[in-house]
Amino acid sequence: MFSFEGFIDLPLVWYALIGTAIFLYVMLDGFDLGIGILFPFAPSEKCQDRMMSSIAPFWDGNETWLVLGGGGLFAAFPLAYAILMPAFYIPIILMLLGLILRGVSFEFRFKAHDRSKKRWGYVFHVGSLVATLTQGMILGAFVQGISVTGRSFSGGAFDWLNAFSVMTGVALVAGYALLGAAWLIMKTEDVTQAWARRCTGYLFWHVAFFMGLVSFCMPIMDPRIRALWFSLPNFFYLGVMPVSCMILFWMLWQDLRHQNEYWPFFLIQGIFLMNYIGIGISTWPWLVPYQVTLHQAAAAPESQSLLLVGAVIMLPVVLAYTGYCYWIFRGKSSHETAY
């Protein structure tokens, strides 16, 4: 079978593709999960209708990137998949149940009578909260590392549940909620937009606090991360990211004060990107932190080559469809136009 081995570094290409898919999921699905987190706190049912209308054309397509990231890990790095899945079975199942609850409640609320509409709104909130919290906890546990013996996970079923993972879960809840509020500023008007502005002002400080706390804890917990970031000359090269993050926070605060509609959403995306790159650098080149590298976990070159052909064909199609969808439904949303 034909292989691209020798022409390109296949594991590195797939690492970049999967990493990009996961970030696109965070960037795109993060705001509609954030709207679910904020949902019961909206000032009126009409505001809730407008919140759902603002994400109605996008929410199901946004989850495509989660499927691509998980499927890509299974196909391109089967060893890493086989080790990581048993370590995170429980939070992954809870996350999927949360996403299922969101999807069901989203559709049922559109058709519900007034009496059950509020009930489905709470289901939408709980599903969004559970999905976000478990995603953050998986991330926290992943960064800490898992127990591996040979080529298998050797830890307990609840190793993922600890103080640091709970903190990263709560941090992601605050981050997605901020992203959702910024989306509402961009996509809504009047009372809903004014309420979203108040939410961003409140959540801004929570997100800044949690991101600073996570960044402070990671080097303390792991001497390898501390040596990577604080050794010379790495300190000067890698210091660009935390400095950039602080500048983006300052710009976000200025835009919120001046009540800009569009820039806050993209500045928050930039903050997420800086932190995402920072985590990637801290765990490089490990797919299972400090146990299995991307080259050790890679599938056969022939398999990765065949998968790459499919990805080169299909990814532009998915990106084009996603971009077209956002272009068609650009501008302000309203309850009336979404139905």
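None of the figures in this text is laboratory data; all of them are computed from the coordinates on show. Note that the coordinates shown come from a computational prediction; the quantities given were computed from them, not determined experimentally. Every residue, glycine as well, gets a Cβ built from its backbone with ideal geometry; the counts of neighbours run over all protein chains shown.
Gain in length, Gln254 to Tyr237, computed as 0.36 nm per residue apart minus the alpha-carbon separation, to one decimal in nm?
Residue separation times 0.36 nm, minus the Cα-Cα distance, leaves 3.4 nm.
Scan around Val292 for amide H atoms under 5 Å from its own, H built in the peptide plane at 1.01 Å from N, and keep only partners 5 or more places away or cross-chain.
When sequence neighbours closer than 5 places are left aside, the close amide H contacts are Leu287.
How high is the FRET efficiency between Leu12 and Ser44 when r is their beta carbon distance and R₀ equals 51 Å, given to the nearest 0.05?
FRET efficiency, Leu12 to Ser44: 0.50.
Of Lys111/Lys332; Lys117/Lys332; Lys46/Lys118; Lys111/Lys187, which ones are farther than 21 Å apart at the Cα? Each step should come with its number before you reach the end.
Numbers: Lys111/Lys332 23 Å; Lys117/Lys332 24 Å; Lys46/Lys118 12 Å; Lys111/Lys187 23 Å.
Too far apart for the 21 Å limit: Lys111/Lys332; Lys117/Lys332; Lys111/Lys187.
Report the label-to-label distance for Ser154 and Thr20 in nanometres (one decimal), using points 7 Å from each Cα along the Cα→Cβ vector.
The two pseudo-label positions are separated by 3.8 nm.
With r as the distance between the Cβ atoms of Trp327 and Met85 and R0 = 30 Å, compute the FRET efficiency 1/(1 + (r/R0)^6) and round to 0.05.
Computed FRET efficiency for Met85 and Trp327: 0.25.
Using Cα atoms only, what is the angle between the long axis of helix 10-38 and the major principal axis of the chain, expressed in degrees (0 to 90) to the nearest 10?
20
Treating the beta-carbon of each Lys and Arg as +1 and of each Asp and Glu as -1, no other charges, what is the dipole magnitude of the stretch 10-328 about its Cα centre, to the nearest 20 debye?
With Lys and Arg at +1 and Asp and Glu at -1, about 480 debye.
Quick check on the exposure proxy: order Arg50, Arg257 from fewest to most C-beta atoms within 10 angstrom.
Least to most surrounded, the residues fall as Arg257, Arg50.
In degrees between 0 and 90, to the nearest 10, how far off the longest principal axis of the chain does helix 240-257 point, with axes built from Cα atoms?
For helix 240-257, the angle is close to 0 degrees.
Rounded to the nearest 0.05, what FRET efficiency do Met314 and His113 have when you use their Cβ-Cβ distance and R0 = 45 Å?
My answer for the efficiency is 0.65.
Using a cut-off of 14 Å between beta-carbons, work out the net charge of the residues near Pro285 (Lys and Arg +1, Asp and Glu -1, Pro285 not included).
Within the 14 Å Cβ shell, the charges total 0.
Please work out whether the stretch 81-230 counts as rounded, prolate or oblate from its C-alpha gyration tensor, where a ≥ b ≥ c are the square roots of the eigenvalues and a/c under 1.5 means rounded, while otherwise a/b larger than b/c means prolate and anything else oblate?
Working: a/c = 3.54, a/b = 1.46, b/c = 2.41.
Note, shape of the stretch 81-230 comes out oblate.
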